[in-house]
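Engineer: Sharing a structure here in structure tokens format.
The values are calculated or read from the model by the stated rules, or taken from the named source; none is laboratory data. Please read all numbers here as calculations on a predicted model, not as lab measurements. Cβ sites come from the backbone with ideal geometry, for glycine too, and all protein chains shown count toward neighbours.
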Amino acid sequence: MKFKDYYETLGVPRTSTQDEVKHAYRKLARKYHPDVSKDDNAEARFKEIGEAYAVLKDPEKRAAYDQMGSQWKTGQDFQPPPGWDAGFEFSGGDFGAGPGGDHSDFFEALFGRHARAAQHAHMHARGEDHHAKVLIDLIDAYRGAQRGITLRLPVVDPQGHVTTQERTLEVRIPKGIRAGQHLRLNGQGGPGLGKGMAGDLYLEIAFKPDPHFRADGRNVYVDLPLAPWEAALGASVTTPTPDGPVQLTIPPGSVAGRQLRMKGRGIPGAPPGDLYVVLNIALPPADNDAAKEAYRTMAKAFDFNPRQTPKG
Amino acid sequence: MATQSTLAALQGAVVEEEVQLTLVELCQACCAEQEHVLTWVLEGVLEPAGNEPQDWRFSGESLRRARLALRLSQDLEINPPGVALALDLMDEIAELRAQLQRIGAGQ
């Protein structure tokens with residue numbers, strides 16, 4: 001097990017007051033909150049910050065943590081000394097930083113057993129509803145699909161340690177589903193207590209990043225590069241769509257950034273979305289004499305200054 | 001492997017299109033206290049159909065908003081008016097990002 005320096009995580013000195021700890025946490029939490037931050041590591045970072053704060057905000061836990069001494073550094077191998085928490089009285093059952101209790105081994109070793117002592121109640125209650133995010137391919141939304149989805153569920157063993165259990169569900173992805181929507185699977189959430197029913201499982205759908213297509217709600221966007229003469233004179237070009245390539249007529253005089261709408265070729269549904277083809281113009285390189293000559297001929301043929309301010 | 005293939009695929013309901021939630025169901029689905037949801041309705045974070053809390057029907061979209069509201073208020077200790085403001089601003093950012101993406105500049 002590796003030691004975690006919670007003071008370092010929050011960027012505060014060991015001598016800081018509770019208010020300073022809180023201030024540092026709030027600032028970092030806003031910065032790294034997964035709902036707000038675009039940072040790729042936001043979620044992991046946010047968990048570390050939350051764990052550090054769960055210990056340092058609580059005077060009891062902070063005192064217990066502090067008495068292990070300041071010689072430890074993050075990442076050092078660490079075993080809690082026997083009886084390290086002797087003489088500390090932990091109050092209440094709610095020790096987690098948030099729901100789920102997804103803390104590091106280090107945290108679990110120090111505070112885990114206390115954290116979960118009070119959770120066994122003899123009663124009948126419906127199980128908790130669970131949530132998970134799943135990534136699907138855009139094409140699955142076009143055609144519908146059946147996908148094996150592996151979920152990791154933190155479970156608490158009788159000693160109060162948290163381990164992860166994997167389970168795989170075969171799930172029908174309905175045609176027409178869009179990113180951000182949720183699928184509800186009845187009875188696939190947490191088990192009920194006593195005779196209570198199991199909770200539901202909610203799957204939040206997101207699309208895997210696609211090199212060509214971008215989905216926005218039910219509409220889909222694709223970039224289509226054109227040669228200058230195709231844009232100027234018009235052309236019929238093969239265009240990729242998630243459902244396979246189609247022939248698309250480019251009107252003469254098309255300019256970069258123009259969007260051609262292919263009605264009903266977005267994500268299916270009632271009504272279906274549209275597919276927008278965003279035109280951009282690729283310049284052929286002038287990398288041989290013939291190409292250079294062609295550009296020179298063009299320059300002579302046009303009285304064209306792209307930097308001229310428009311009239312009016 | 002044999003057991004895998006005999007498993008029937010689970011059929012889910014698309015919450016945003018096929019599901020309306022009562023107050024109790026919404027609280028259950030996002031592990032929120034009723035009292036929180038009542039405050040968020042008061043602040044305009046959630047807009048259920050129906051007049052009295054026992055008649056309220058929340059759209060599937062409310063589930064996303066309620067979970068977001070819960071996370072923001074728990075993790076960042078934001079009060080309900082702050083949550084309402086944050087959600088409005090996040091909606092606006094999402095709309096602007098979508099606009100950027102539409103013109104192909106969002107990558």
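Engineer: Among the residues of the range A:1-51, what is the count of those that are assigned to a helix (DSSP H, G or I) and not hydrophobic (A, V, I, L, M, F, W, C)? Don't jump to the end; show me each part of the working.
Structural biologist: Pass one, the range A:1-51, residues assigned to a helix (DSSP H, G or I): A:6-10, A:18-32, A:42-51.
If we keep only those that are not hydrophobic (A, V, I, L, M, F, W, C) as well, we get A:6-9, A:18-20, A:22-23, A:25-27, A:30-32, A:43, A:45, A:47-48, A:50-51.
Here the count works out to 21.
Residue by residue, here is whether (1) among the aliphatic types (A, V, I, L, M); (2) more than 9 Å from chain A (Cβ to nearest Cβ); (3) in contact with a strand residue (DSSP E or B) (Cβ under 9 Å, 6 or more places away or on another chain) holds:
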position	(1), (2), (3)
B:56	no, yes, yes
B:67	no, no, yes
B:76	yes, no, no
B:86	yes, no, no
B:90	yes, no, no
B:98	yes, no, yes
B:103	yes, no, yes
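Engineer: For the range A:129-153, name all the residues that are over 19 Å from the mean Cα position of the chain (by Cα) and farther than 17 Å from residue B:9 by Cα.
Structural biologist: Matches in the range A:129-153: A:129, A:139, A:142.
Engineer: Can you name every residue in the range A:192-218 that is in a loop (DSSP other than H, G, I, E, B), within 17 Å of residue A:174 (Cβ to Cβ) and in contact with a strand residue (DSSP E or B) (Cβ under 7 Å, 6 or more places away or on another chain)? Don't jump to the end; show me each part of the working.
Structural biologist: Here is the first cut: in the range A:192-218, the residues in a loop (DSSP other than H, G, I, E, B) are A:192, A:194-200, A:208-212, A:217-218.
When the remaining residues are screened for being within 17 Å of residue A:174 (Cβ to Cβ), the result is A:200, A:217-218.
Selection gives A:200 alone.
Engineer: If you scan the range A:226-250, which residues turn out to be in contact with a Leu (Cβ under 8 Å, 6 or more places away or on another chain) and more than 17 Å from residue A:140 (Cβ to Cβ)? Show your work before the answer.
Structural biologist: Step one: of the range A:226-250, the residues in contact with a Leu (Cβ under 8 Å, 6 or more places away or on another chain) are A:226, A:228, A:231, A:235-239, A:241-242, A:248, A:250.
Passing the criteria: A:226, A:228, A:231, A:235, A:236, A:237, A:238, A:239, A:248, A:250.
Engineer: What's the number of the condition residue A:163 fails, among (1) facing chain B (nearest Cβ under 10 Å); (2) over 19 Å from the mean Cα position of the chain (by Cα)?
Structural biologist: Result: residue A:163 fails condition (1) only.
Engineer: In a strand (DSSP E or B), touching a residue at least 60 places away in the same chain (Cβ under 8 Å) and within 12 Å of chain B (Cβ to nearest Cβ), is that true of residue A:170?
Structural biologist: Details: in a strand (DSSP E or B): yes; touching a residue at least 60 places away in the same chain (Cβ under 8 Å): no; within 12 Å of chain B (Cβ to nearest Cβ): yes.
Spelling it out, it is not the case that residue A:170 is in a strand (DSSP E or B), touching a residue at least 60 places away in the same chain (Cβ under 8 Å) and within 12 Å of chain B (Cβ to nearest Cβ).
Engineer: Please give the number of the condition residue B:94 fails out of (1) under 27 Å from residue A:199 (Cα atoms); (2) in a helix (DSSP H, G or I); (3) among the small types (Gly, Ala, Ser).
Structural biologist: It is condition (1) that residue B:94 fails.
Engineer: Another one. Consider residue A:42 against the criteria (1) surrounded by fewer than 19 Cβ atoms within 10 Å (Cβ to Cβ); (2) modelled with pLDDT under 60; (3) within 13 Å of another protein chain (Cβ to nearest Cβ): it satisfies all of them except one. Which criterion is unmet?
Structural biologist: Of (1) surrounded by fewer than 19 Cβ atoms within 10 Å (Cβ to Cβ); (2) modelled with pLDDT under 60; (3) within 13 Å of another protein chain (Cβ to nearest Cβ), only one is false for residue A:42: (2).
Engineer: From the list A:165, A:159, which one is outside the structural domain of residue A:282 (by TED's automatic domain parsing) and in contact (Cβ under 8 Å) with a residue 40 or more places away in the chain?
Structural biologist: A:159
Here's the yes/no breakdown for (1) outside any strand (DSSP E or B); (2) within 14 Å of another protein chain (Cβ to nearest Cβ); (3) surrounded by 17 or more Cβ atoms within 10 Å (Cβ to Cβ):
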site: A:221; (1), (2), (3): no, yes, yes
site: A:224; (1), (2), (3): no, yes, yes
site: A:229; (1), (2), (3): yes, no, no
site: A:242; (1), (2), (3): yes, no, yes
site: A:247; (1), (2), (3): no, no, no
site: A:255; (1), (2), (3): yes, yes, no
site: A:287; (1), (2), (3): yes, no, no
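Engineer: If you check residue A:178 against the conditions, is it within 26 Å of residue B:103 (Cα to Cα), more than 7 Å from chain B (Cβ to nearest Cβ) and either surrounded by 14 or more Cβ atoms within 10 Å (Cβ to Cβ) or hydrophobic (A, V, I, L, M, F, W, C) (or both)?
Structural biologist: Spelling it out, residue A:178 is indeed within 26 Å of residue B:103 (Cα to Cα), more than 7 Å from chain B (Cβ to nearest Cβ) and either surrounded by 14 or more Cβ atoms within 10 Å (Cβ to Cβ) or hydrophobic (A, V, I, L, M, F, W, C) (or both).
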